[in-house]
Amino acid sequence: MRTGAASGFAGPVDGPLRDAVEALLDTAQDGVLPIVQSGHPVLRRPAAPYTGQLGDLLPRLVDVMRATMHAAPGVGLAAPQVGIGLALAVVEDAGHDGDPRERHPLPFRVLVNPAYAPVGDRSAPFFEGCLSVDGWHALVARHHGVRLTGQDDAGAPIEEVLTGWPARIVQHETDHLHGVLYVDRAVLRSLVSNANLAALWGGGLEPGRVAEALGFEVPARA
């Protein structure tokens, strides 16, 4: 756990909310919380902007969210996915050389009140999954490049252009904070179990093959 409180947020601590989050964190097993699954209302409500409501509890929440993401395993996790309706997310991916999805390394970072805007008009249609829709993937066309804005966990502003898979991760996690799941943007006819995606389609890295077999069109635009 990191020491010290996040001090760059202007809002006051919300005592009842802080107590509720602390009680939730106390239930973590080996530092890991259960991941909320689709159908729970917290995943469909827009998260409240983070203004400092948790005070010095924020570093502990970040540590638990990171451990939960790793244990899943996943490359991103939003606070609503552990039942907390605040605009916070963590992301991290070691990357994979030669991956056609442009899976560049994405160092660990905390996203506070993130937003994204497309950079250019290129789209990237690939299969995508979610820790809160366990067991399934579907084809989603995302912006190939985005400009990420927001704050880090110390309250400092962030602004960065991301492309490829890191851009997809940021879009996916930011959508969570608006009550949007990836299935809302997916070609539903492409829905495939994780097992079949691996066994039949090699992870779905060539969406055109899957589209031809399952009878759907690969979207041209996000």
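The values are calculated or read from the model by the stated rules, or taken from the named source; none is laboratory data. What you see is a predicted model; the values in this text were computed from it and never measured. Neighbour counts are summed over all protein chains in view; Cβ atoms, including those assigned to glycine, are modelled from backbone coordinates with ideal geometry.
Values for this structure:
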{"quantity": "Among the residues listed as VAL36, VAL21, the single one being in a loop (DSSP other than H, G, I, E, B), crowded, with 16+ Cβ neighbours inside 10 Å and touching a helix residue (DSSP H, G or I) at 6+ places or on another chain (Cβ under 7 Å)", "calculated": "VAL36"}
{"quantity": "Qualifying position, being surrounded by 16 or more Cβ atoms within 10 Å (Cβ to Cβ), in contact with a Cys (Cβ under 8 Å, 6 or more places away or on another chain) and either in contact (Cβ under 8 Å) with a residue 60 or more places away in the chain or not in a strand (DSSP E or B) (or both), among HIS137, HIS104, HIS172", "calculated": "HIS172"}
{"quantity": "Filter pass, VAL62 being over 28 Å from GLY202 (Cα atoms) and in contact with a Leu (Cβ under 6 Å, 6 or more places away or on another chain)", "calculated": "no"}
{"quantity": "Any hit, segment 64-86, residues being surrounded by fewer than 24 Cβ atoms within 10 Å (Cβ to Cβ), in contact with a helix residue (DSSP H, G or I) (Cβ under 7 Å, 6 or more places away or on another chain) and over 23 Å from VAL183 (Cα atoms)", "calculated": "yes"}
{"quantity": "GLY129 without any contact (Cβ under 8 Å) to a residue 40 or more places away in the chain and either surrounded by fewer than 16 Cβ atoms within 10 Å (Cβ to Cβ) or within 26 Å of ALA220 (Cβ to Cβ) (or both)", "calculated": "no"}
{"quantity": "Residues (aliphatic (A, V, I, L, M), assigned to a helix (DSSP H, G or I) and either touching a residue at least 40 places away in the same chain (Cβ under 8 Å) or loosely packed, with under 13 Cβ neighbours inside 10 Å (or both)) located in segment 24-33", "calculated": "LEU24"}
{"quantity": "Conditions (1) surrounded by 13 or more Cβ atoms within 10 Å (Cβ to Cβ); (2) at pLDDT below 95: number failed by ALA220", "calculated": "(1)"}
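Quick grid of which residues meet (1) within 21 Å of the chain's Cα centre (by Cα); (2) among the hydroxyl-bearing types (Ser, Thr, Tyr); (3) more than 20 Å from CYS130 (Cβ to Cβ):
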position: ARG18; (1), (2), (3): no, no, yes
position: PRO34; (1), (2), (3): yes, no, no
position: ALA47; (1), (2), (3): yes, no, no
position: THR68; (1), (2), (3): yes, yes, no
